[in-house]
C-alpha cells in the first residue's frame, strides 16, 4: 500500500536492477559549444529519476537525445535493450511507441480539439481499435488526469495546468513503458505545480512506468524522485537519493536545496 | 626613425587592408557556402517529401482538410481579383482596339491573355501570398511550440501528415483556382465591355472561346500544377525548417512568400519558352 502522491518504491525493489535506459559517455554540442560533455546514467524499471540542473545545463538536450529528437555527437544510448543511435527510421518509430514525452510547452496541436489531440496518436499507433474503443480510452485517460469535461475544448481555451494535464493524457493514451517529462511544472503556480507532481506519481503507480523527470523545481523533485541526478557543466555532478542531496554540505547542491 | 615613419605607416595601412580583404573573403565564402547548403537541404527535403508521397498510409482526411483550407478559403480573394483583372484589361485595351476599328477582337484577346498568362501568374502570386505565408507561419509556429517534435515522438511521420498533404492539396487546388479566376476574368471583361458598349453575354463568350485553341489552354494548365507544387513545397519547407525562436515564424512566412513568388515567375518564364518552341 502506497501513500497517494508519493513515488512508488515497492515496484522498484521488486524489479531492482532491471535497466530500461542506459546512457554511456554522451556528448552533444551545438556549433563549437559542448552542452553535454560526458554524461552516463541508468534508469531502472518502475523508478522516477529526476535530473536536476541549472537552466542551460543540458537537461532538455539529454532527454531529446534519448528519443533521438537530437542526434548525439558521441556516446551510447540504450533504451529497452535497443541501441537508439543506430536504429533505422522504422525501428526508431516502433521504439518511440513505448515512450511518452511530456514537452515543456505542452505541445498540444492548436488546430485540434482536446478529443482530436488524444485520438491522434491512438489512431496511428493502435490501428486495430474501433471508434467505440477509442472513445472509451479517451474517456479513461481524461478521467485519470481529472479533466473529463474538457473533451471538446480547443487548446487555446485551456489554462497552463490544464494543457499540461491534457498533454500528459495524450502520452498516456498509448500505454507507454517509459515517460520523459521535460520541465513539467515550469510556468505553473505552486498549487498547480504540486498537482502535476502528484499526478506524475499517480501515473507511475497506475501505469507502472519508468520516468525521467527534467526539472529545476526542487519541490517537484522532492515529491516525485526515487533518485536524483544533478548535471553541472555538461557532466553528472552528483547522484543519489533525495535525502543525500538534502543533507549535503556541497555549496552547489545547497544552492538548490535551500 | 623619423625617416622610416611613413614607410611603417604605409605597411600598417597595407596590413589593415589585407586583413579586411581576408575577412570579407571569408564572410563571402561562408555566405556562398550557406546558400549552397540551403539549396542542398531543399533538395534533400524534396526527395523525402516525394518518397513519403508514395509510401503507405496516406493521410486522406488531412489532405481533404487542406484542400478545403487552400481552395474554399481562397475563393473570395480569387473571385474579386479575377473579375477585376478582366475588367481592367478590357477598360485599358478597348480604346486602343477602337482606334484600329478592331473592337470585335476584344473578347478573344482578353480571353487568350487571361488563360495563357494573366490568370495563372496572378492567381499563383496571390496563392503564394495567402497559402505560402499561411503554411510557412503555421508549420513555423508548430516547430517553435514543439508540436512537430511531439508528432515525431508519438511515431507519426510529420512529413507525411503535415507536408505531403499540404503540397498535394496546393498542387491540385491552385489549377482549379486558376480555371475559376479565368472564368471570372472573362465575365469581368464582359462587364467592362458593357460599360461603353452593348454586347450580350452569349456573344461575348462565344467570341472569346472561339479564339482559344488547345495550345493556349493545355500548357497554361500544366504550368499551374507546377505553380501549386512550388507554393506548397516552399511554404512547407520554410515552415518545417524554421528556427526555434518566435522571430523565425515571421521569417519563415516572409521567405516562403518571397521565394515561392520568385520561383513562380522563373517557372513561368521557362514554361513560356517551352510553349514557344511547340
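The values are calculated or read from the model by the stated rules, or taken from the named source; none is laboratory data. Bear in mind that the values here come from a model prediction, so they are computed numbers and not experimental data. In this analysis, Cβ positions are derived from the backbone assuming ideal geometry, glycine residues included, and neighbour counts consider all displayed protein chains.
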Determine whether the range B:127-149 contains at least one residue that is more than 30 Å from residue B:254 (Cβ to Cβ), surrounded by 19 or more Cβ atoms within 10 Å (Cβ to Cβ), free of Cβ contacts under 8 Å to residues at least 24 places away in the same chain and within 14 Å of chain A (Cβ to nearest Cβ).
no
The correct count of residues that are over 22 Å from residue A:187 (Cβ atoms) and in a strand (DSSP E or B) in the range A:36-73 is 10
For the subset of the range A:101-137 comprising residues that are facing chain B (nearest Cβ under 8 Å) and touching a strand residue (DSSP E or B) at 6+ places or on another chain (Cβ under 8 Å), which member is nearest to residue A:207 (Cα to Cα)?
A:101
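Any residue in the range A:189-197 that is under 11 Å from the mean Cα position of the chain (by Cα) and outside the structural domain of residue A:128 (by TED's automatic domain parsing)? Full working, then the answer.
Keep residues of the range A:189-197 that are under 11 Å from the mean Cα position of the chain (by Cα), which gives none.
Taking every residue of the range A:189-197 in turn, none turns out to be under 11 Å from the mean Cα position of the chain (by Cα) and outside the structural domain of residue A:128 (by TED's automatic domain parsing).
Given the condition farther than 25 Å from residue A:89 by Cβ, crowded, with 20+ Cβ neighbours inside 10 Å, away from chain A (no Cβ under 14 Å) and touching a helix residue (DSSP H, G or I) at 6+ places or on another chain (Cβ under 8 Å), answer yes or no: does some residue in the range B:209-217 qualify? Quick ask: steps written out before the conclusion?
Quick first cut of the range B:209-217, residues farther than 25 Å from residue A:89 by Cβ only: B:209-217.
Remaining after also requiring crowded, with 20+ Cβ neighbours inside 10 Å: none.
Within the range B:209-217 (the criterion being farther than 25 Å from residue A:89 by Cβ, crowded, with 20+ Cβ neighbours inside 10 Å, away from chain A (no Cβ under 14 Å) and touching a helix residue (DSSP H, G or I) at 6+ places or on another chain (Cβ under 8 Å)), the answer is no, since none of the residues qualifies.
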Among (1) modelled with pLDDT under 90; (2) closer than 25 Å to residue B:161 by Cβ; (3) within 21 Å of the chain's Cα centre (by Cα), residue B:59 falls short only on (3)
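Residue by residue, here is whether (1) more than 13 Å from chain A (Cβ to nearest Cβ); (2) within 19 Å of residue B:208 (Cα to Cα) holds:
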site: B:78; (1), (2): yes, no
site: B:81; (1), (2): yes, no
site: B:94; (1), (2): yes, yes
site: B:110; (1), (2): yes, yes
site: B:117; (1), (2): yes, yes
site: B:120; (1), (2): yes, yes
site: B:157; (1), (2): no, no
Residue ID - farthest from the chain's Cα centre (by Cα), chosen from residues in the range B:42-56 that are touching a residue at least 12 places away in the same chain (Cβ under 8 Å) and part of a helix (DSSP H, G or I)
B:52
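When the range B:240-257 is examined, which residues are found to be touching a helix residue (DSSP H, G or I) at 6+ places or on another chain (Cβ under 9 Å) and assigned to a helix (DSSP H, G or I)?
Residues of the range B:240-257 that are touching a helix residue (DSSP H, G or I) at 6+ places or on another chain (Cβ under 9 Å), as a first pass: B:240-246, B:248-257.
Result: B:240, B:248, B:249, B:250, B:251, B:252, B:253, B:254, B:255, B:256, B:257.
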Just checking, how many residues over the range A:71-85 are surrounded by fewer than 18 Cβ atoms within 10 Å (Cβ to Cβ) and touching a strand residue (DSSP E or B) at 6+ places or on another chain (Cβ under 9 Å)?
10
Among the numbered criteria (1) modelled with pLDDT of 90 or more; (2) away from chain B (no Cβ under 14 Å), which single criterion is violated by residue A:17?
(1)
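Residues that are free of Cβ contacts under 8 Å to residues at least 24 places away in the same chain and surrounded by fewer than 21 Cβ atoms within 10 Å (Cβ to Cβ): which helices (runs of 4 or more DSSP H) entirely in the range A:99-194 hold 2 or more of them?
Values: elements: A:114-125, A:131-144, A:160-172.
Answer list for the range A:99-194: A:114-125, A:131-144.
Do the conditions hold for residue A:214, that is, is it touching a helix residue (DSSP H, G or I) at 6+ places or on another chain (Cβ under 9 Å) and surrounded by 17 or more Cβ atoms within 10 Å (Cβ to Cβ)?
So residue A:214 passes the test.
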